[in-house]
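K.L.:
First, the structure itself, so that you have it in front of you.
The values are calculated or read from the model by the stated rules, or taken from the named source; none is laboratory data. Note that the structure is predicted; figures quoted are calculated from it, not measured. All Cβ positions, glycine included, derive from the backbone under ideal geometry; neighbour counts span all protein chains shown.
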Amino acid sequence: MSDPGTLSLKNAPQQSSTRGSKRVWPGAAVGLNLAILLVISANLVGCSGGVTGTYTAPNGAMTLELKSGGDASVTFAGQTAPCKYTVSGSTLSLTCQGQAGAMNFTIQKDGSLAGPPDSFFPPLVKK
């Protein structure tokens, strides 16, 4: 037998597994945390790395190739210019050498890229 003044597992206060009148289900908390993590991960992939690939105008006159690491190239009327890009929210900012210069595209919900409103660029669709 243990002395009442001695700390042991037998005489230690027991923690209740309920809060108020509701029972806490550890599995539910883990499931909720996992669901939140998946939603956040999907948003990060969809907004950043998800833009890499080749985009073309419906008539094929323009091609935009977005590579990982922020490198890109634009081909228009047979001329290719090296570029750099960044993504912030739903805006893709493209900066190219030469006459192409800098421009912003809007990443649409369907994944296409809409050119600046005051430009001649048609929507660019991912191949």
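K.L.:
Going by the structure shown, is VAL74 surrounded by 15 or more Cβ atoms within 10 Å (Cβ to Cβ), touching a helix residue (DSSP H, G or I) at 6+ places or on another chain (Cβ under 6 Å) and farther than 14 Å from GLY50 by Cβ?
P.N.:
Numbers: surrounded by 15 or more Cβ atoms within 10 Å (Cβ to Cβ): yes; touching a helix residue (DSSP H, G or I) at 6+ places or on another chain (Cβ under 6 Å): yes; farther than 14 Å from GLY50 by Cβ: yes.
Here the answer is yes, as VAL74 does meet what is asked.
K.L.:
Please work out if ASP118 is assigned to a loop (DSSP other than H, G, I, E, B) and within 18 Å of the chain's Cα centre (by Cα). Full working, then the answer.
P.N.:
Numbers: assigned to a loop (DSSP other than H, G, I, E, B): yes; within 18 Å of the chain's Cα centre (by Cα): no.
No, not satisfied.
K.L.:
A further question follows. Any residue in the stretch 107-121 that is closer than 16 Å to TYR85 by Cβ sitting within a Cβ distance under 8 Å of a residue that is in a strand (DSSP E or B) and of a type in the set (Ser, Thr, Tyr)? List the pairs, counting only those 6 or more apart or interchain.
P.N.:
From the stretch 107-121, the pairs are ILE107/THR91; SER112/TYR55; LEU113/TYR55; LEU113/THR106; ALA114/THR106.
K.L.:
PHE105 passes all but one of (1) at pLDDT 90 or above; (2) outside any strand (DSSP E or B); which number fails?
P.N.:
If we test PHE105 against (1) at pLDDT 90 or above; (2) outside any strand (DSSP E or B), just (2) comes out false.
K.L.:
Still on this structure, please answer the following. List, please: which pairs have Cβ atoms under 6 Å, are six or more places apart or on different chains, and start with a residue in the stretch 61-74 that is more than 17 Å from THR91 (Cα to Cα) and assigned by TED's automatic domain parsing to the domain that holds ALA100 and end with one that is of a type in the set (S, T, N, Q) and part of a strand (DSSP E or B)?
P.N.:
Filtered contacts from the stretch 61-74: THR63/THR56; THR63/THR75; SER73/THR80.
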